[in-house]
Structures are given as structure tokens and as C-alpha cells.
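Below: the structure, in C-alpha cells.
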Amino acid sequence: MTNAEIILECLRRFEAGDVTGCGEFFDDELVASIPGTDPLNKAQLLALSAVIIEAFPDFTYSAKVIETQGDTVKMLLTPTGTQSGILRYPGITPLPPTGISIALPKHLCTYTVRNGKIVKVVMEDTSDGGLYGLLQTLGISLSEDGG
């Protein structure tokens, strides 16, 4: 598999609700920089992924590869989904299903892959996208410290 194919397969598994299968593509030393959180390690990113899939079983990234260079793959992600499950995000009261659909703006995500494993994820910081945008669409506001 190419580096882009590794990431696309990881995202495909995530979108299918297979968080564990997605995690098979993460290096044990993975660091993920996602707006709305402190840097996440592998276990934390898998936990966040499980929260998203539980709340949005139809979640999709609609990923499009825009550049590959060596270990680095840049993709445009356009997250969409409907909150038909309970949102159990740390630090907030569990939110029952609302039926609210999200369609967040495209944002850049840069992945680094080494030896067939994703070692780094950097998601573009946008005020209306990422975790912030997802929660804002549901009427939830995060403080600057991520909680």
C-alpha cells in the first residue's frame, strides 16, 4: 500500500465504525494535533474516534488526496454526519441524539506515515471546522483550554 492508501483505508474503517481496525494503522508513538484538544496520543485519538462514531454513526470525511511527498500526505477532509447516537464527549453532559446533521467546511489534514504506520496527524485549525465546528453545530462551546 502507498502512504495515501494507508490513510484512506484507515479512514474507510473509521467511517465503517471499525475504530479498532482504523487504529491498526496508527503507530504506538502517534501524535495527533486536532483543534479543540491538546495533542493526542494513539489511545486518546482512538477514544475520540469512538466518541464521534457513537454519536455520528454515518460520519464521513469525504477525503481527497491533494499531495503526497515522501512520508507526508496532505488531504482535504469534508466531515459530514447526523447525530443519531449519544455524544459522550469528556467534560460535557452526554447529549442524547438530536438528529442534527453536520456539514463542516473542507479543511486540510497532513499525515506523516513511516514504515506503514501513521505517526503524525495535523488538522488545520479553523474556527468553523474540526472538533470546534462539530460541537458548535450541536450548540456546544468548548473553552480555550479544550474543556
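Data overview
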quantity: Of all residues making up region 34-48, the number that are under 13 Å from residue 89 (Cβ atoms), among the aliphatic types (A, V, I, L, M) and surrounded by 18 or more Cβ atoms within 10 Å (Cβ to Cβ); calculated: 2
quantity: Residue count for region 89-117, restricted to those that are assigned to a strand (DSSP E or B) and touching a helix residue (DSSP H, G or I) at 6+ places or on another chain (Cβ under 7 Å); calculated: 4
quantity: Options 70, 91; residue that is in contact (Cβ under 8 Å) with a residue 40 or more places away in the chain, on the phi > 0 side of the Ramachandran plot and surrounded by fewer than 17 Cβ atoms within 10 Å (Cβ to Cβ); calculated: 91
quantity: Checking residue 64 against (1) free of Cβ contacts under 8 Å to residues at least 24 places away in the same chain; (2) in contact with a helix residue (DSSP H, G or I) (Cβ under 8 Å, 6 or more places away or on another chain), the condition it does not meet; calculated: (2)
quantity: Hits in region 109-130 (condition: over 23 Å from residue 29 (Cβ atoms) and either surrounded by 13 or more Cβ atoms within 10 Å (Cβ to Cβ) or modelled with pLDDT of 95 or more (or both)); calculated: 126, 129
quantity: Qualifying residue in region 76-88 (condition: assigned to a strand (DSSP E or B), closer than 19 Å to residue 23 by Cα and in contact (Cβ under 8 Å) with a residue 24 or more places away in the chain); calculated: yes
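The values are calculated or read from the model by the stated rules, or taken from the named source; none is laboratory data. All values derive from a computational prediction rather than experimental measurement. Note that each Cβ is placed from the backbone with ideal geometry, even for glycine, and that neighbours are counted across all protein chains shown.
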